[in-house]
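Q: Below is a structure I'd like to ask you about.
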Amino acid sequence: MKKEQGPILTMSGIHKRFPGVKALTDVSFRLFPGEVHALMGENGAGKSTLIKVLTGVYAIDSGEIELSGKTVHIGSPQEAQLAGISTVYQEVNLCPNLSVSENIFIGREPRRLGKIRWKQMHAEAKKLLEDRLQLHIDVTKPLHSYSVAVQQLIAIARSLNISAKVLILDEPTSSLDRNEVKQLFQVMNNLKAEGLAILFVTHFLDQVYEISDRITILRGGEFIGEYAASELSRIELVSKMIGKAFVELDQLPKVRGTASKELSDVTAEAVQLGRKGAIEPFDLRIHKGEVVGLAGLLGSGRTELARLLFGADRSDEGILSVHGATKAIGSPRQAIDHGIAFCSENRKTEGIIEELTVRENIVLALQASRGWFKTISRKKQDEIADEYIKAININPPNPEHLVKNLSGGNQQKVILARWLLTEPKLLILDEPTRGIDVGAKAEIQKLVLSLSDKGMSVLFISSELEEVLRVSDKIAVLRDRNVVKVMTDDELSQQQVMQAIAGG
Amino acid sequence: MVKHHLFWPLTVLGALLLFNLVYSPAFFRIELRNGQMYGSLIDILNFGAPLILVAIGMTLVIATKGIDLSVGSVVAISGAIACLLISKGADQNAFGLVMLAVAVALALSVALGIWNGLLVSVFGIQPIIATLILMVAGRGVAQLISGGQIITVNSETYNYIGAGALGSLPFAIYVVLIVLLVASLLTRRTALGMFIESVGGNPTASRLAGIRSRAVMFAVYIFCGLCAGVAGLLLSSNVSSADGNNAGLWYELDAILAVVIGGTSLNGGRFYLMGTVIGALIIQTLTTTIYIIGVRPEITLVVKAFVVLIVCLVQSEAFRKTLVQRFKMRKYPLEQEVKRHA
Ligand SMILES: Nc1ncnc2c1ncn2[C@@H]1O[C@H](COP(=O)(O)OP(=O)(O)OP(=O)(O)O)[C@@H](O)[C@H]1O
Ligand SMILES: [Mg+2]
């Protein structure tokens, strides 16, 4: 690191308010060439907003941005890109059906006489991926044929142009598994060595310490401080983020296990349930009050399994019974009627209704199950919304806020509230803590445990093995779209489960 | 206040009225003749009634991310079938006959709505294509019904619907009020409104939340067909005749425009019934104004298009932002430098 060079980017005295919300108050931020800088803070602290004002998505109310020592005014993301700031936003917008190279060059395809020069485009895309990201793939294939991690790298490639001096990554790892995170970090280290300044947002403390040189902390839209990563302990970091002395968040036992529980009633049972191309036939039994974890790599079929149980996709073989009776569940609606709820991992495309308010998003599933005419009165809706906003700490605590204006983590909480409200017998949670801050994550884990104590069955999917181990009574391990093992009691250790995942 | 969804529509309507006030003060005069009110304002409400009706139905369709291009044809069909039935009657004034004609016309409109709903929600055809079918075919059906000619009826009972007065106001205004009331109750007192906005905002998420989006889509296309049917009755009864060729021509475009001016986005989601009503009134006022100030007929459409363009620009947040930014940018001389960087 050559700090003597002086910062490439300096933001000072930044203010940004949205109607009713002070998103940023007098925030400063510096970025040096050749460093990875973590931007930390709770959900809604203003991280994404800081990035968006820097890249011209939002205009700042006041404050100054200097790039390479010169004051700049960045009016749009295009201008930011031209000025050398490359960004991958929290909500990545790639087109899964287009080829990799189209995704990289979309909107700026090399053309001659108006016609896209495909050969040149593919060649350039290939070169870019190989030279800068060490990624060797077939760029003519559609994007969706690659894993999320690779897609993430492609998003980076798209944003990186030759003159890039600053790379911004807003929660790039929230949907990656261990190995993929490693791959991404490798690339980040290379870019850093090339002298790029990287701004990185994450809620995973381990990753912060693994990759970053310095840390800036925001809380409630205010600048708390800038620290060298090596000089800030984990505990200090967290307490600075949440603003109170750090209470041990990991009070839950590391591994749960069934031992203490008496399992009698079966909530749901799948017998040789399967769907071609999605998941091979599997058996799974979920008891009343049991938390079943699904572990496996991305693409191992975890989500596909969950979608079958919920009727989001139709099974083409096997039997699903709920409370002992065989049910043909052909639609989410039917699943909901049988007391099943499914919290999707894609909050933007399959979760929130952006244009509606927090209140409406919360009552939506309950209202849907009651039909058109048994309306939940407005008064009741307000009560419900207030109750859940308090219970799971949705911020800002305003039920009439549009969901699209909430921070990513808070949107996630809204969807969780929507399903809790339906009081399901079986709650399927697909990556429920994705994008959620440390404090809230522990809260959600505790919530899952207390729900199961009250008799709710939970199917818990997460890429974080620690988390799955912590809440699950038993764990079904998936590999290559197969349920390869169901593990209980003594088998529930990090090492054994990892072995099962890897196929040892 | 600027944030309120009715702010811009009302401002535009106000501006139009103000223009008229300055241009011809007689515009605002309302006379009582035989206990009935007359005047340009009443005319706007009266002649605007069919458009308002069609636009109300269109609002709900657009809110689901759909569109209904067939409304103009449905207007023509509904008027044609009603007039045909009445013209075949022995006593054209008979209340029973007129009611029967009205009922048949409305039933047919509902059936056409079901047809659209079927194509869109069951067969999954894109709304613009699905309704285009009926837009084209429907004109033909209307001409078939009317035998390619204008059917005239001689029925005071029927004529009352579109030209009569209840108290001192035109009957058509009450029809609009009733439909508006029904639409509001249906969408705001039941959960239908929330479901429509949800389906329009994010269909996938809505399905996963357990909303029967097919049923919702069916409902809005049927309602839209019904609204167009009522509008057809108002139009044809007002002139006591049905013209399969020209009745309701270009109504779909005016209706879509009214919806958009009223603040409902073509991307679906939030919808504003009152906004639509004001949007339709703006269009009708504009038409009347152009007529009053005597714009040459050849260029009326151009003038109308120009005003509509301005209305849309004023409403567009992006446009307002750009204006404001262009203004602000002068304070940032260095902005140029960043650009040159490229
Ligand atoms: N477009 C907007 N309109 C209104 N309020 C907004 C808008 N965007 C963000 N906010 C508010 O600004 C605050 C900061 O949000 P931001 O997205 O920056 O949080 P974050 O730190 O990125 O959180 P997360 O970790 O959950 O992603 C939040 O209270 C949010 O509700
Ligand atoms: Mg964020």
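Q: So, in segment A:50-68, of the ones that are closer than 22 Å to A:D213 by Cα and within 16 Å of ligand 2 (Cβ to nearest atom), which residue ends up nearest to the other protein chains (Cβ to nearest Cβ)?
A: Within segment A:50-68, the match that is nearest to the other protein chains (Cβ to nearest Cβ) is A:L54.
Q: Any idea which of (1) charged (D, E, K, R); (2) within 30 Å of A:N346 (Cα to Cα); (3) in contact (Cβ under 8 Å) with a residue 60 or more places away in the chain is the one A:R108 doesn't satisfy?
A: So A:R108 meets the others, but not (3).
Q: Do any helices (runs of 4 or more DSSP H) entirely within segment A:323-435 hold 1 or more residues that are more than 14 Å from every other protein chain (Cβ to nearest Cβ), and if so, which?
A: Once the helices (runs of 4 or more DSSP H) in segment A:323-435 are filtered for at least 1 residues that are more than 14 Å from every other protein chain (Cβ to nearest Cβ), what remains is A:378-391, A:408-421.
Q: Then there's this: Hey, among the residues in segment B:156-182 that are surrounded by 21 or more Cβ atoms within 10 Å (Cβ to Cβ) and either within 14 Å of chain A (Cβ to nearest Cβ) or of a type in the set (G, A, S) (or both), which one's nearest to B:G275 (Cα to Cα)?
A: B:A172
Q: Hey, could you check segment A:251-291 for residues that are closer than 30 Å to A:A45 by Cα and exposed (fewer than 11 other Cβ atoms within 10 Å of the Cβ) and say which is modelled with the highest pLDDT?
A: We begin by selecting, within segment A:251-291, every residue closer than 30 Å to A:A45 by Cα; these are A:251-254.
Checking which are exposed (fewer than 11 other Cβ atoms within 10 Å of the Cβ) leaves us with A:251, A:253.
Numbers: A:Q251: 58, A:P253: 63.
For segment A:251-291, the residue satisfying everything is A:P253.
Q: Among the candidates A:G408, A:G439, which residue alone is of a type in the set (G, A, S) and within 10 Å of ligand 1 (Cβ to nearest atom)?
A: Working: A:G439 fails: within 10 Å of ligand 1 (Cβ to nearest atom).
Step by step, each of A:G408, A:G439 is checked, and only A:G408 is of a type in the set (G, A, S) and within 10 Å of ligand 1 (Cβ to nearest atom).
Q: Exactly one of these conditions fails for A:P19: (1) more than 16 Å from ligand 2 (Cβ to nearest atom); (2) touching a residue at least 12 places away in the same chain (Cβ under 8 Å); (3) within 14 Å of chain B (Cβ to nearest Cβ). Give me its number.
A: It fails just one condition, (2).
Results for (1) within 14 Å of ligand 1 (Cβ to nearest atom); (2) closer than 30 Å to A:G69 by Cβ; (3) touching a helix residue (DSSP H, G or I) at 6+ places or on another chain (Cβ under 8 Å), shown as yes or no for each residue.
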{"position": "A:S159", "(1), (2), (3)": "no, yes, yes"}
{"position": "A:P172", "(1), (2), (3)": "yes, yes, yes"}
{"position": "A:L176", "(1), (2), (3)": "no, no, yes"}
{"position": "A:L184", "(1), (2), (3)": "no, no, yes"}
{"position": "A:I198", "(1), (2), (3)": "no, yes, yes"}
{"position": "A:D213", "(1), (2), (3)": "no, yes, yes"}
{"position": "A:S233", "(1), (2), (3)": "no, no, no"}
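Q: Pairs under 8 Å by beta carbon, first residue closer than 17 Å to A:P77 by Cβ and part of a helix (DSSP H, G or I) in segment A:158-184, partner of a type in the set (S, T, Y) and more than 16 Å from ligand 2 (Cβ to nearest atom), six or more apart or different chains?
A: A:S159/A:S86
Q: If you take the residues in segment A:69-123 that are assigned to a helix (DSSP H, G or I) and within 14 Å of chain B (Cβ to nearest Cβ), which one is surrounded by the fewest Cβ atoms within 10 Å (Cβ to Cβ)? Quick ask: steps written out before the conclusion?
A: Going through segment A:69-123, the residues assigned to a helix (DSSP H, G or I) turn out to be A:77-82, A:100-105, A:118-123.
Within this subset, residues satisfying the condition of being within 14 Å of chain B (Cβ to nearest Cβ) are A:77-82.
On the way: A:P77: 16, A:Q78: 14, A:E79: 19, A:A80: 25, A:Q81: 21, A:L82: 17.
Among them, the one singled out is A:Q78.
Q: Tell me the residue from A:A59, A:A45, A:A38 that is in a strand (DSSP E or B) and within 15 Å of ligand 1 (Cβ to nearest atom), please. Give the steps one after another, and end with the answer.
A: Details: A:A59 fails: in a strand (DSSP E or B); A:A45 fails: in a strand (DSSP E or B).
When all the criteria are applied, what remains is A:A38.
Q: From the list B:T59, B:T64, pick out the single residue that is within 14 Å of chain A (Cβ to nearest Cβ) and β-branched (V, I, T).
A: Just a single option satisfies the conditions, and that option is B:T64.
Q: Would you mind telling me which numbered condition in (1) more than 28 Å from A:K240 (Cα to Cα); (2) within 16 Å of ligand 2 (Cβ to nearest atom) A:K413 fails?
A: (1)
Q: Of all residues in segment A:145-196, how many are at positive phi and not acidic (D, E)?
A: If we filter segment A:145-196 for residues that are at positive phi, which is where we start, we get A:171, A:195.
Those still in the list that are not acidic (D, E) too: A:195.
Residues flagged as at positive phi and not acidic (D, E) within segment A:145-196 amount to 1.
The values are calculated or read from the model by the stated rules, or taken from the named source; none is laboratory data. Predicted model, so just to flag it, every value in this text is computed and none were measured. Cβ coordinates were reconstructed from backbone atoms using ideal geometry, including for glycine residues, and neighbour counts include every protein chain displayed.
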